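A short worksheet on the structure shown next.
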Amino acid sequence: MGTILGITLPIYVVVALGYVTTRRGLFDPADLQVMGRYVLNIALPALLFHATASRDIAQILHPGYMVAMAGAGLVTAALTYAWFSATGADPTRRAAGVMGATCPNSAFVGYPVMLLAFPDQAGLVLALNTTVENLLIIPLSLVLFELSKPDAGGSLGRKVAKALAGVLARPYMIGLLAGLAWSLAGLPLPEAADRTLGILGASAAALSLFVIGGTLSGLSLEGNRPAALQTALAKLLLHPAIMALMVLLVPLAGLALSPEMATIAILSAAMPIFGIYTILAQDIGRQGMAALAITLTTLGGFATISAALWLLL
């Protein structure tokens, strides 16, 4: 248990530091926005480029892992969609529930956890998770958002293309794709570039956790409590449970998945909801529900991540 707390406690101490210092006025929301933009636009792109460009393409491609991630996300999305439909939720609440249940905070929480638990794999895992989430899970959720609007118009293909285009234009996706291209080209990273990218990437972990804590202090916790609780339970319990099933099924399909990568996949699914959930949910008027769900999963994540580490390590 001491080893597990040695991983989770530092994570949540930094989150708590962000919460307390922002709550006491040492930092304000504008400061947090600047920090968040730095992480998303500078540190994460550098980290993802470095994690992919510094490896041979054969080391990056993990079909078994990516199939498990994609399968768990799709099954969790389908079950969450069915649950909210069966309980009479309106389309916007259902769409928000699906996004919350399937989109883990791989960058701001997952990467720091992996950095402590699996330091040699942390950068690669972030790249793999980012690829699956941003090319499949998040676009699927955004399409559901569009379809939930009362005035939804246009073809499904156009909505999918719009969602993908928006995701691919993000700086961290550009960094990831550029790193993959560099690796495919077989080019070595110059030493100066390697060190520069390493410095920038190393700044992501602590700052991202601090921003999570500071952001929590300013969230308005007014929303549909039952829907937020159901979304949080789906994220913290259902998603990792489905992932545990997937890592058992993937090898049966003939795809290699090492015990270490299987453990990482389950742990990745146990992460809280990603940080921009509230911002995205504003588009369908469900920011209150999203804020509550993020708070519940971030706080509850201490217990579930610790439990996952205890069971898996």
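The values are calculated or read from the model by the stated rules, or taken from the named source; none is laboratory data. Computed from a prediction, not measured in an experiment: that's the story for all the values here. Please note: Cβ atoms are built from the backbone with ideal geometry, for glycine as well, and neighbour counts cover all protein chains shown.
Given the conditions (1) closer than 30 Å to Lys149 by Cα; (2) assigned to a helix (DSSP H, G or I); (3) touching a helix residue (DSSP H, G or I) at 6+ places or on another chain (Cβ under 8 Å), report the number of the one that Gly275 does not fulfil.
Of everything listed in (1) closer than 30 Å to Lys149 by Cα; (2) assigned to a helix (DSSP H, G or I); (3) touching a helix residue (DSSP H, G or I) at 6+ places or on another chain (Cβ under 8 Å), Gly275 misses just condition (2).
How many residues are touching a residue at least 60 places away in the same chain (Cβ under 8 Å) and under 10 Å from Leu128 (Cβ atoms) when one looks only at segment 50-64?
Within segment 50-64, residues that are touching a residue at least 60 places away in the same chain (Cβ under 8 Å) and under 10 Å from Leu128 (Cβ atoms) number 4.
Filter segment 217-233 down to the residues that are aliphatic (A, V, I, L, M) and surrounded by fewer than 21 Cβ atoms within 10 Å (Cβ to Cβ), then identify the one that is modelled with the highest pLDDT.
Step one: of segment 217-233, the residues aliphatic (A, V, I, L, M) are 219, 221, 227-229, 232-233.
Next, only the ones that are surrounded by fewer than 21 Cβ atoms within 10 Å (Cβ to Cβ) stay: 219, 221, 229, 233.
On the way: Leu219: 77, Leu221: 70, Leu229: 95, Leu233: 98.
Once the filter is applied, the top-ranked residue is Leu233.
Failed condition for Phe274, given (1) surrounded by 20 or more Cβ atoms within 10 Å (Cβ to Cβ); (2) over 30 Å from Ala43 (Cβ atoms), with all others met?
Among (1) surrounded by 20 or more Cβ atoms within 10 Å (Cβ to Cβ); (2) over 30 Å from Ala43 (Cβ atoms), Phe274 violates only (2).
For Ala228, are the conditions met, namely being among the small types (Gly, Ala, Ser) and farther than 17 Å from Gly110 by Cβ?
Here the answer is yes, as Ala228 does meet what is asked.
Just name the residue that is surrounded by the most Cβ atoms within 10 Å (Cβ to Cβ) out of those in segment 234-270 that are outside any helix (DSSP H, G or I) and of a type outside the set (Gly, Ala, Ser).
That would be Leu257.
Whether any residue in segment 27-48 is within 23 Å of Leu309 (Cβ to Cβ) and of a type outside the set (Val, Ile, Thr) is what I want to check. Full working, then the answer.
Keep residues of segment 27-48 that are within 23 Å of Leu309 (Cβ to Cβ), which gives 47.
Applying the additional criterion that residues be of a type outside the set (Val, Ile, Thr) yields 47.
Yes, the conditions are met somewhere in segment 27-48.
Which condition number does Ala101 fail, the rest of (1) at pLDDT 95 or above; (2) out of contact with any Lys or Arg (no Cβ under 8 Å at 6 or more places or on another chain) being met?
For Ala101, the exception is condition (2).
Are there helices (runs of 4 or more DSSP H) fully within segment 124-210 with at least 2 residues that are at pLDDT below 90 and surrounded by fewer than 21 Cβ atoms within 10 Å (Cβ to Cβ)? List them. Steps first, answer last, please.
Working: elements: 138-148, 156-168, 171-185, 191-202.
Where helices (runs of 4 or more DSSP H) fall fully within segment 124-210 and carry at least 2 residues being at pLDDT below 90 and surrounded by fewer than 21 Cβ atoms within 10 Å (Cβ to Cβ), they are 138-148, 156-168.
Between a first residue in segment 8-28 that is at negative phi and touching a residue at least 40 places away in the same chain (Cβ under 8 Å) and a second residue that is of a type in the set (Phe, Trp, Tyr) and in a loop (DSSP other than H, G, I, E, B), which pairs have beta carbons less than 7 Å apart while being 6 or more apart in sequence or on different chains?
Thr21/Phe27
Here are Leu311, Leu292: which of them is in a helix (DSSP H, G or I) and within 18 Å of Val15 (Cα to Cα)?
Result: Leu292 is the single residue among Leu311, Leu292 that is in a helix (DSSP H, G or I) and within 18 Å of Val15 (Cα to Cα).
Consider Gln282 carefully, then state whether it is free of Cβ contacts under 8 Å to residues at least 12 places away in the same chain and either buried (at least 21 other Cβ atoms within 10 Å of the Cβ) or out of contact with any Cys (no Cβ under 8 Å at 6 or more places or on another chain) (or both).
yes
So that you can scan it fast, the table gives a plain yes or no per residue for (1) closer than 26 Å to Ala269 by Cα; (2) touching a residue at least 40 places away in the same chain (Cβ under 8 Å):
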| residue | (1), (2) |
| --- | --- |
| Val143 | yes, no |
| Gly166 | yes, no |
| Leu180 | yes, yes |
| Ile199 | no, no |
| Ala204 | yes, yes |
| Ser208 | yes, yes |
| Ala232 | yes, yes |
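With the structure loaded, tell me whether Gly64 is of a type outside the set (Asp, Glu) and in contact with a Leu (Cβ under 7 Å, 6 or more places away or on another chain) or whether it fails that test.
Answer is yes for this residue.
Limited to segment 88-122, what total is found for residues that are surrounded by fewer than 24 Cβ atoms within 10 Å (Cβ to Cβ), among the aliphatic types (A, V, I, L, M) and assigned to a helix (DSSP H, G or I)?
4
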